[in-house]
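Colleague: A single structure is presented below for examination.
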Amino acid sequence: MSHGAGLVRTTCSSGSALGPGAGAAQPGAGPSEGLLDTVYPRTHAALLKVAQMVTLLIAFICVRSSLWTDYSAYSYFEVVTICDLIMILAFYLVHLFRVYRMLTCISWPLSELLHYGIGTLLLLIASIVAASKSYSQSGLVAGAIFGFMATFLCLASIWLSYKISCVTQSTDAAV
């Protein structure tokens with residue numbers, strides 16, 4: 001009795017209309033040539049990354065400029081928001097300057113998926129802790145709300161960028 005091997009297939013959408021190698025037929029004749037990708041900043045993925053960075057920066061500023069009621073909770077929140085902001089900026093720059101073409105030894109879609117998965121979970125935990133320890137201080141509440149907004153934007157980025165489908169493959173020759 002064979003149940004077949006489980007297979008998980010993942011595909012990544014780049015967010016741009018141009019596929020890999022688009023414009024490569026003629027040298028220098030398209031937006032795919034050169035150091036800077038001029039199409040990427042107008043894609044949905046890039047605009048989502050900018051929105052994430054802005055909300056994370058606002059959350060950090062709100063918490064940083066408020067009086068803290070619990071030092072460890074808000075220092076954790078600050079560390080998570082700044083680290084997440086720096087990593088999103090790094091991936092934005094990787095796509096903007098086409099670093100993924102030069103460093104082919106790194107699986108960029110997988111590394112970005114892992115970053116978003118781990119970063120979103122840590123950001124959700126930090127936002128919950130920040131909201132529970134805010135004690136109705138407006139700056140801390142605003143920081144927690146922007147943390148939740150950034151968490152939602154990170155989830156939307158995962159949802160829109162990666163399609164995960166589970167398929168069971170049968171190893172039996174006869175059906």
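Colleague: Calculate what fraction, in whole %, of the accessible area of region 38-169 sits on carbon and sulfur atoms when a 1.4 Å probe is rolled over the protein chains.
Modeller: 76 percent
Colleague: Of Thr43, Ala142, Trp68, which is farthest along the charge dipole of region 38-169 in the positive direction, counting Lys and Arg as +1 and Asp and Glu as -1 at C-beta?
Modeller: Going by the charge dipole, the pick is Thr43.
Colleague: OK, next. Quote the relative contact order of region 38-169 in percent (integer), defining contacts as alpha-carbon pairs under 8 Å separated by 6+ residues.
Modeller: RCO, region 38-169: 37 percent.
Colleague: So, counting K/R as plus one and D/E as minus one, what does the shell of residues with Cβ under 13 Å around Gly119 add up to?
Modeller: Residues close to Gly119 contribute a combined charge of -1.
Colleague: Can you give me the accessible area per residue for region 106-153, using a 1.4 Å probe, in Å²?
Modeller: About 49 Å² of surface per residue is accessible.
The values are calculated or read from the model by the stated rules, or taken from the named source; none is laboratory data. Being a predicted model, the structure only gives us computed values, none of them experimental. Note: ideal-geometry Cβ built from the backbone for every residue, glycine included; neighbour counts use all protein chains shown. When the accessible area is computed, the model is the full protein with side chains, heavy atoms only, and any ligands, DNA or RNA have been set aside. Shrake-Rupley method; radii C 1.70, N 1.55, O 1.52, S 1.80 Å.
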